[in-house]
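K.L.:
Just dropping this structure here.
The values are calculated or read from the model by the stated rules, or taken from the named source; none is laboratory data. On a predicted model such as this, the values are computed, not experimentally measured, just so you know. Note: ideal-geometry Cβ built from the backbone for every residue, glycine included; neighbour counts use all protein chains shown. We work out accessible area using only protein heavy atoms, side chains counted, and drop any ligands, DNA or RNA first. Shrake-Rupley method; radii C 1.70, N 1.55, O 1.52, S 1.80 Å.
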Amino acid sequence: MVRAGAAGTPLPASGLDIFGDLRKMNKRQLYYQVLNFAMIVSSALMIWKGLIVLTGSESPIVVVLSGSMEPAFHRGDLLFLTNFREDPIRAGEIVVFKVEGRDIPIVHRVIKVHEKFLPYVGMVTIIMNDYPKFKYALLAVMGAYVLLKRES
């Protein structure tokens, strides 16, 4: 099926015949199109790298992927991030962190800041995950204590 275009020229049935257009171009036109595409891609990369330098953030622009940030941010919203370390974190701000093994950064809103809340308490869990033998040794010691402790 062939339809007529605006000037009476036939249009392909698919509407867009990209490969047919490429075949009709001479080499100079094709090189020009490839260079234009390369310029667009390199410009986008330069803008991205410039944003990384200006914001100090590895991911200066992220997309909200879940509904956990609603009602302030909805799925699909763009967030522009900065990483200025001299500013303290306050409740209501958005924080971004990377989890090892995941390519996508995690974005959350700070609900409450605990200034004095037993620092390094979570290190026990981290050590037990990083060194499984320590975890089993600790469990053995605790089990031996429970079995050998006499009630008064």
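K.L.:
To the nearest 0.05, how large is the calculated FRET efficiency for residue 28 and residue 70 if R₀ is 41 Å and r is the Cβ-Cβ distance?
P.N.:
For R0 = 41 Å, the calculated efficiency reads 0.20.
K.L.:
For the stretch 34-152, give the percent of accessible area contributed by carbon and sulfur heavy atoms, probe 1.4 Å, rounded to a whole number.
P.N.:
Looking at the stretch 34-152 in its full context, I get 66 percent from C and S.
K.L.:
What net charge do the residues around residue 30 carry, taking every other residue with its C-beta under 11 Å from that of residue 30, with Lys and Arg at +1 and Asp and Glu at -1?
P.N.:
Local charge sum for residue 30: +3.
K.L.:
Please calculate how many Å² of accessible area the chain carries per residue, with a 1.4 Å probe and no DNA, RNA or ligand atoms counted.
P.N.:
On a per-residue basis, 90 Å².
K.L.:
Against the globular-protein guess of 2.2 N^0.38 Å, express the Cα radius of gyration of the chain as a ratio, rounded to two decimals.
P.N.:
Relative to the 2.2 N^0.38 Å estimate, the chain comes out at 1.96.
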